[in-house]
1. Tell me the residue from B:74, B:59, B:92, B:51 that is basic (Lys, Arg) and within 14 Å of chain A (Cβ to nearest Cβ), please.
2. How many residues does the stretch B:487-526 contain that are in contact with a helix residue (DSSP H, G or I) (Cβ under 9 Å, 6 or more places away or on another chain), surrounded by fewer than 20 Cβ atoms within 10 Å (Cβ to Cβ) and under 18 Å from residue B:42 (Cβ atoms)?
3. Give the residues of the stretch B:191-221 that are modelled with pLDDT under 90 and within 7 Å of another protein chain (Cβ to nearest Cβ), sorted by residue number.
4. Any chance you could count how many residues in the stretch B:248-264 are touching an Asp or Glu at 6+ places or on another chain (Cβ under 9 Å) and over 14 Å from residue B:97 (Cβ atoms)?
5. Restricting attention to the stretch A:96-121, which residues are surrounded by fewer than 19 Cβ atoms within 10 Å (Cβ to Cβ), within 13 Å of another protein chain (Cβ to nearest Cβ) and in contact (Cβ under 8 Å) with a residue 12 or more places away in the chain?
6. Output the residues belonging to the stretch B:356-383 that are at pLDDT below 95 and aliphatic (A, V, I, L, M).
7. Residue pairs, Cβ under 7 Å, 6 or more apart or interchain, first in the stretch B:441-460 and touching a residue at least 40 places away in the same chain (Cβ under 8 Å), second assigned to a loop (DSSP other than H, G, I, E, B) and small (Gly, Ala, Ser). List them.
8. Here is a list: B:317, B:338, B:307. Which entry is outside any helix (DSSP H, G or I) and touching a His at 6+ places or on another chain (Cβ under 8 Å)?
Amino acid sequence: MSVLVLGVGNILLTDEGIGVRTVESLLEKYQFSDDVEVVDGGTAGMELLEIIANKEHVILIDAVNTGAESGTIVTLVDEEVPALFRSRISPHQLGISDLLGVMAITGETPKHFTLFGVVPFSMATGVELTTEMLPLKDILVNNVVTKLEALGCVVTENKQVA
Amino acid sequence: MAKRIIVDPVTRIEGHLRIDVEVENGQVSKAWSSGQMWRGIENILKDRDPRDAWAFTQRICGVCTTVHALASVRAVENALDLEVPLNAQYIRNIMVSAHALHDHIVHFYHLSALDWVDIVSALEADPKEASKLAESLSSWKLNSVHELTAVQNKLKSFVASGQLGIFANGYWGHKAMKLPPEVNLIAAAHYLQALEIQREANRIVTIMGGKSPHVQNLTVGGVTNSINLDSQAVMNMERLMFIKTLIEKMEDFVKNAYMVDVSIIGAFYLDWAGYGKGVTDYLSVPEMPLDTKGTEFALKGGYIAGGDLSTFKPITGFNDKYFIDGVKESSKHSWYHGEEALHPWDGETEPNYDDFNDEGQYSWIKSPTFNGKPAQVGPLANVLCLAAQGHESTLQHLNFVMDTVSAVSGTKIGVSALHSTIGRHAARAVRSGVLLDEMNKQWDLLVANIGSGDTDTFNQPVFPKGEIRGVGFHEAPRGVLSHWVVINDGKIKNYQAVVPSTWNAGPRNQDDVPGPYEASLMGNPIADPERPLEVLRTVHSFDPCIACAIHLMDTEHQEIVKVKAL
């Protein structure tokens, strides 16, 4: 099993950076077994091909605009994920939808997808998440850890620094 | 009746761009280029530690990460007059060239080739004829009948399944598509092969940068790569040799496929050497520093006026007064307070949003000028400035492309054909060849320097009390990038990034003179207003790092057609 946890988003636009901020939190709090890669994808596109191609399971974390209330957490699985990016709800449709298109042609599409998305409170310029978003980051971190464990990956909590 | 076409944003990642054109008698008669988003990223940097700025600036854009990081550390080093160890210069030069090659290859094949190549037509090609043509022009190993037949079968299965994926939004069968099926097949094959090659380029960035997509190895004063030829954990001989093999793979592809493809496509679209000229004052900055002080460069920059190479004036180093004093930004037609053209160190970013006013303010992008005039930046400017200096590798690749175009088209073409939409594509391929030649030289220099016992990669920055100013520039894939920083007591007081797309996509300036995008669209033919492919051809030739949606409007600005564009 090869699993990729990919947080995407722009950290300069407050809650738009939730995917990246969640990845930072994961890396700070946990150690992962060798079958797991945890990557800050930023707003990159084709550069991620090498990382994402041929993975068994890709767990994406992203800000999404579904029309639902700010703070709503959305979980999508497998073919719902490419469909989301095709319909361009996510602000990162460009990079990720291109990647999915490319992998369809090269035959390297990951077998499974899980997307943990959250509807942003703000996308104003600024490098911090909004105060409303902070507790949701912890929920997303837990969601990812639970999912990884369900997939049989080993996640170990780092010792608390006093 | 004049019709209005609007190219509007769909993504906020790299900054929205909207292009409006009015079409009269089948030709573009007026054009406006408008940045549709203001983020004030520069304001985020105020009061921060200048050593941290690069980590933020590399998040400005999803495509041009590394280049903003590099320009930022150079700006702070310039303010401090800080020397950069040779190893760090060479590592930066190789890494950022790999980034540029990745960018150029992806831009040509995956983001713009489908403006010219009809994938569906490739299904009708005779693979034998295609292979014969391709092999007559190059020694690229993947032009065999076997390979081209396999590609054609793959395309057939995609079309049959109705899942065209990335090919889904092409302008198949458009009147302006002119390549024979065999050439379309060759281009489609190389499109797929380029997907592999761009990975090799990105691998170099990852190895040197420690991480992709956002590099970690830059720092004000050098790089954080540790060098020890015998150690397993750091930059060692094994890694350097691996990088060398990746450079060779890219070289094979760029010289035997990319440059040849651009030439063939150029030959069949020679009419596009007559469109898209626009602004022919060209600006480029020196790149690949060869000494610690940034006074010697492998690729020197300069300025060319009116497309006349004999007017070339050099820009020689990071302290060049001609460049530093020449740059100003006007916001007369941009949604900011103040009309006067200001130098970036004194630049202001106070938003003053109004509606889209054809004659007034209509963009978030400012209008940069060089000595009061707009300038075109990018690979074409870079290649012309190098050619004007007689740069050997540039002339060699440029002659190869022009000779191939002449041979395939049966028409002798000269440098004047480069001032055009198709010329910008040709120049990008030529620049890719030049970058590879220089990367090989930088690799040799790095290995020789380490071999001489020098393992330094970093000089400690020390910030003085009081105010200092610096500029960092970089000849990025899309052209001249400059970051301007004012530091007071070790904290950032002002920060302005003048990016390549600002130079090219800027609105009319303080004298109401149109910017390069706007000027280049004038007179472009529009064969089918419902599918305005030609607008995309010219805008894409600049490599704007944005996707666009096209809205076709009548003169009353009422939307009548909406076409999604790649």
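The values are calculated or read from the model by the stated rules, or taken from the named source; none is laboratory data. These numbers come from a predicted model, not from an experiment. When we count neighbours, we look across all protein chains shown, and the Cβ atoms used for this are built from the backbone with ideal geometry, even at glycine.
1. B:59
2. Number of matching residues: 1.
3. B:212, B:213, B:214
4. Qualifying residue count for the region: 3.
5. Selection gives A:106, A:108.
6. Answer for the stretch B:356-383, where residues must be at pLDDT below 95 and aliphatic (A, V, I, L, M): just B:365.
7. What qualifies is B:458/B:221; B:459/B:221; B:460/B:221.
8. Only one candidate passes the filter, namely B:307.
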